[in-house]
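One structure is given here, and the rest of the page talks about it.
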Amino acid sequence: MQPTTQNPQFNPATPSSKKSVIVISSHVVRGSIGNRAAVFALETLEHPVWAVPTIILPWHPGHGQANRMLIDDTSFMQLLEDLKSGPSGYAKGNSNWLDEVGAVLTGYMASAEQAKAVAEFISFIKSKNKNVIHICDPVMGDGDKLYIDQDTAQAIKEHLVPISDAITPNLFELGWLTGKKVTTVQEALIEAQKFKNKIVLTTSIAGMMRNQIGNLLVYGDNALFAEHRIVGGPTNGAGDLTAAVFTAHLLNTKDKEITLQRTTASVFEVIANSAKQGADELLLEANTHCLKRPMAMVQIRALGQSPTLPPNIRKAPKRNKNISQKNISSSDKKA
């Protein structure tokens with residue numbers, strides 16, 4: 001008779017080496033957008049992930065229309081309630097599992113009620129652990145228009161953005177949140193500074209040098225602009241990837257310049273390498289080294305509160321099918 005071997009009982013009170021991240025966003029069957037991009041990146045950077053889908057699609061809508069699997073608001077709220085309380089055996093509202101969590105990253109919301117429920121969920125978690133940070137990727141539009149309904153966009157603005165510690169809008173989203181059209185680094189700096197006591201990473205801004213694109217990081221009285229050359233390539237999911245990598249580095253270092261440099265370099269490398277391989281989606285699985293040890297040269301400028309920009313500062317380039325203005329932080333990402 002074979003001896004019975006028992007696995008050691010898992011102790012949920014034993015923390016992982018790195019904090020868990022709750023990611024709440026869209027999910028696709030094929031591709032690297034929404035939670036597919038964010039979860040992979042965070043786990044590659046050794047963060048356990050709790051993945052909460054807000055909607056399920058077969059692929060990114062940019063590839064063509066398809067049926068969507070909608071999650072009704074009641075079921076969605078019940079799932080969040082379960083995450084609050086934990087499995088049976090835990091005191092309601094006092095789950096040890098929540099002690100694992102270091103951050104909540106929110107992305108695509110499929111309804112206004114989802115956004116409100118997520119905001120309440122985050123507030124609950126923060127009431128249990130004041131050190132948890134909330135990174136809000138305000139997924140709502142691109143170019144010059146919203147691609148979610150007005151009510152959902154308004155709910156993100158009114159309920160999720162105010163309780164966030166950091167936001168990662170693209171140019172359109174930054175302008176929509178502040179009510180001002182944003183096209184240049186200087187305009188982005190002015191609008192980002194309106195979010196007092198928040199870290200603001202504005203993505204996909206035309207660079208100060210020709211054929212460059214970059215990200216602007218504003219925190220306190222500081223402003224850093226990271227830029228690199230534009231590359232043509234798949235950008236669906238690049239914004240989701242940017243937000244996830246940014247979240248990981250916010251958790252792992254207090255140095256904001258390092259956070260900006262590594263985030264920008266990683267996403268640039270993934271896009272460039274995916275383009276070289278002729279992919280129509282980001283090839284995350286083949287480019288884990290880009291996430292762990294990015295080597296791309298990224299130029300970072302300290303702008304200060306009132307940057308003196310070159311007289312020939314350019315507005316965001318018009319997109320075409322060969323070169324995307326969203327090369328490193330597209331919110332095409334978004335379902």
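None of the figures in this text is laboratory data; all of them are computed from the coordinates on show. In this text the structure is predicted, and so the values were computed from the model without any measurement. So basically every Cβ, Gly included, is an ideal-geometry build from the backbone, and we count neighbours across all protein chains shown.
Put simply, when 187-195, 57-65 are sorted by average Cβ atoms within 10 angstrom per residue, most first, you get 187-195, 57-65. The modelled label-to-label distance between residue 99 and residue 120, using points 7 Å beyond Cα along the C-beta direction, is 2.7 nm. The relative contact order of region 20-302, computed from alpha carbon pairs under 8 Å that lie at least 6 residues apart in sequence, is 17 percent. Note on residue 163 and residue 145: the model spin-label points, each 7 Å out from Cα along the C-beta direction, lie 3.2 nm apart.
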